[in-house]
1. So, in the range 30-47, exactly how many residues are buried (at least 22 other Cβ atoms within 10 Å of the Cβ) and closer than 16 Å to Asp85 by Cβ?
2. Does Ser91 satisfy being touching a Leu at 6+ places or on another chain (Cβ under 6 Å) and not aliphatic (A, V, I, L, M)?
3. Restricting to the range 101-111, count the residues that are in contact with a helix residue (DSSP H, G or I) (Cβ under 7 Å, 6 or more places away or on another chain) and open to solvent by 50 Å² or more (accessible area, probe 1.4 Å).
4. Report yes if some residue within the range 75-95 is outside any loop (DSSP other than H, G, I, E, B), under 22 Å from Asn133 (Cβ atoms) and open to solvent by 70 Å² or more (accessible area, probe 1.4 Å); otherwise report no.
Amino acid sequence: MRRSLKYLTTLTMLVAGAALAHKGATGIVAERMSVMKRMAENMKAIGEMLDGRREFDANAARATAEALHANCHKAREQFPSGTRDHHSRASPAIWENPDRFEAEMQHFDTAVKALVAASGPGDIDNMRAPFRNVGQACSSCHEGFRLPK
């Protein structure tokens, strides 16, 4: 549970920081930032259910995991060459190492698919490990492809 709380705290900070960073962004950069914000909100909602801060609702958890997966696919398409500006924390490494970036995005997609599969009706504990894996995939990509504040 402590790891889930750690990811939840990190995601809450990301959502708050993203809201400030969005001011002034336009085009694909604004779209990308919006998708990332929605993914952070999805993770926060699931994390709150897993940590007991929000009542667990299996249907809501599945819908949220599915929304996360849909946004994951949108995000993969929102990093075309030349789409870095001062509003974005996207690292030049995204475009300098596109194969590595794509591998990170694929890892994230695989982790989210496992979370979706685990989010059906049943025991809440089935979602804990896949949720941690999604959080780790987020962190891994951010470490390699996101600039510090």
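The values are calculated or read from the model by the stated rules, or taken from the named source; none is laboratory data. All figures in this text were calculated on a predicted structure; none of them were measured in a lab. Counting neighbours? That spans all protein chains shown, and the Cβs are built from the backbone with ideal geometry, glycine included. Heavy atoms of the whole protein, side chains included, go into the accessibility calculation; ligands, DNA and RNA do not. Shrake-Rupley method; radii C 1.70, N 1.55, O 1.52, S 1.80 Å.
1. Here the count works out to 1.
2. yes
3. Adding up the residues that qualify gives 1.
4. No; the residues of the range 75-95 include none that is outside any loop (DSSP other than H, G, I, E, B), under 22 Å from Asn133 (Cβ atoms) and open to solvent by 70 Å² or more (accessible area, probe 1.4 Å).
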